[in-house]
Amino acid sequence: MIRILIVEDMTMLREALTTILSGEKDMEVVGALEHAGDALEFCRQNRPDLILMDVLTDDNLVNGGSHRGLAQEESSHTQINGISATQEILAEFPDTKIIIITAFPEITFIEAARKAGAHSFVYKNVKNDLLLQIIRGTMAGYGTFPTHVPTLAALSPKFTDREMRILRLLAQARDRSFIEQELNISEGTLKAVITGILNKTGYDSIMQYVVYAVANGLISPHG
């Protein structure tokens, strides 16, 4: 059984990852944290086998600001990001496997992750089956890193007006019955449109794509 800690500040994506991984017979999600700065203490208490670590989290004050990350707000407290957290965790728990995850196509993140000792690196638009494969491969000692960095434009397909309206309503956390009434469409039509969006994006879950797209400014909930 692979005991997994998820570190991701977006609630919907954190919950989606928890659901996906918990459905695997050889995986157990032992924790899901919002802040990278909380991961080291969690490891001391729970000893996960593997961590899915977001590069950038909306972090909180950690031990009175004693941990210094790469990103710092203008306020009095200091943040710690996923790269810095990875270094700290592996210094204390070298047998823990860490997969860095990010939605941002930034080349420097890949090199920084390698230097920090991360075992694999994936983008958040990865398909579920591939993510599960990377987790199992990482646990077996096979690291995975991107061979090229995609652009945001390349990751943003063209949507019809109807598709964009549905994506915006989903981003507003509207349920499907509300969307059907709002757009005056049937349940079957809504399912067909969502299937079309998934085919364009390569995602397995519409909410995973919505979270990714909103986080990267590809869609706006309010148009």
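The values are calculated or read from the model by the stated rules, or taken from the named source; none is laboratory data. All values reported here derive from a predicted model rather than from experimental measurement. Neighbour counts are summed over all protein chains in view; Cβ atoms, including those assigned to glycine, are modelled from backbone coordinates with ideal geometry. Remember, those area values only see protein heavy atoms, side chains included, never the ligands or the DNA or RNA. Shrake-Rupley method; radii C 1.70, N 1.55, O 1.52, S 1.80 Å.
Any residue that is surrounded by fewer than 16 Cβ atoms within 10 Å (Cβ to Cβ), closer than 24 Å to F145 by Cα and at pLDDT below 90 - is there at least one of those in the range 76-96?
No; the residues of the range 76-96 include none that is surrounded by fewer than 16 Cβ atoms within 10 Å (Cβ to Cβ), closer than 24 Å to F145 by Cα and at pLDDT below 90.
Does the range 141-159 contain any residue that is in a helix (DSSP H, G or I), open to solvent by 50 Å² or more (accessible area, probe 1.4 Å) and at pLDDT 80 or above?
Checked the range 141-159: no residue is in a helix (DSSP H, G or I), open to solvent by 50 Å² or more (accessible area, probe 1.4 Å) and at pLDDT 80 or above.
Within the range 172-208, how many residues are charged (D, E, K, R) and touching a Phe, Trp or Tyr at 6+ places or on another chain (Cβ under 8 Å)?
1
Out of the residues in the range 12-42 that are among the β-branched types (V, I, T) and out of contact with any helix residue (DSSP H, G or I) (no Cβ under 9 Å at 6 or more places or on another chain), which is modelled with the highest pLDDT?
Among residues in the range 12-42 that are among the β-branched types (V, I, T) and out of contact with any helix residue (DSSP H, G or I) (no Cβ under 9 Å at 6 or more places or on another chain), the one modelled with the highest pLDDT is T18.
So if I check each of V122, V126, which one is under 23 Å from K25 (Cα atoms), part of a loop (DSSP other than H, G, I, E, B) and modelled with pLDDT of 75 or more?
V126
Would you pick out the residues in the range 185-212 that are more than 24 Å from the chain's Cα centre (by Cα) and touching a residue at least 24 places away in the same chain (Cβ under 8 Å)?
Hits for the range 185-212 are L190, V193.
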